[in-house]
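The values are calculated or read from the model by the stated rules, or taken from the named source; none is laboratory data. If you're wondering where the values come from, they're calculated on a predicted model, not measured in any experiment. Every residue, glycine as well, gets a Cβ built from its backbone with ideal geometry; the counts of neighbours run over all protein chains shown.
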Amino acid sequence: MSEPILLAARLDLPAASQLKTTLKDHVDSDLVLDLSEVKHFGSLCLQVILAAATSAVAAGKSVSLINASDRVIDQLRVMGMTPETIARGRT
């Protein structure tokens, strides 16, 4: 299992560029995204993570989102997603 990537507390517009860079740095390994610090999960960062997950799944890598709080689960649910659907990518 790959080392978890600890995500920022606010996954909003200003965080999207850094998140994209961080995920690109891990393109050759399985993705384990640690959501334990996340308080706000915005739609742009969701798109960045979903794109990375889709690429990882297509490359035969696994994707996991771990330690999501109930608040984050609710924010994802409002956008029609769950950690499990993100981990499957757009397949």
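For region 54-83, taking the residues that are over 17 Å from His26 (Cβ atoms) and among the small types (Gly, Ala, Ser), the one that is surrounded by the most Cβ atoms within 10 Å (Cβ to Cβ) is identified as Ala68. If the condition is being under 13 Å from the mean Cα position of the chain (by Cα), farther than 23 Å from Leu13 by Cβ and assigned to a loop (DSSP other than H, G, I, E, B), then region 47-88 contributes Ser62, Asn67, Arg88. Taking into account only those residues within region 1-16 that are loosely packed, with under 12 Cβ neighbours inside 10 Å and modelled with pLDDT under 95, which is farthest from Leu46 (Cα to Cα)? Top of the filtered list is Met1.
Only one entry of Leu33, Leu19, Leu44 meets the criterion of being in a strand (DSSP E or B), of a type outside the set (S, T, N, Q) and at pLDDT 95 or above, and that entry is Leu33. Each residue in region 1-37 was checked for being aliphatic (A, V, I, L, M), closer than 27 Å to Gly60 by Cβ and under 12 Å from the mean Cα position of the chain (by Cα), and 11 pass.
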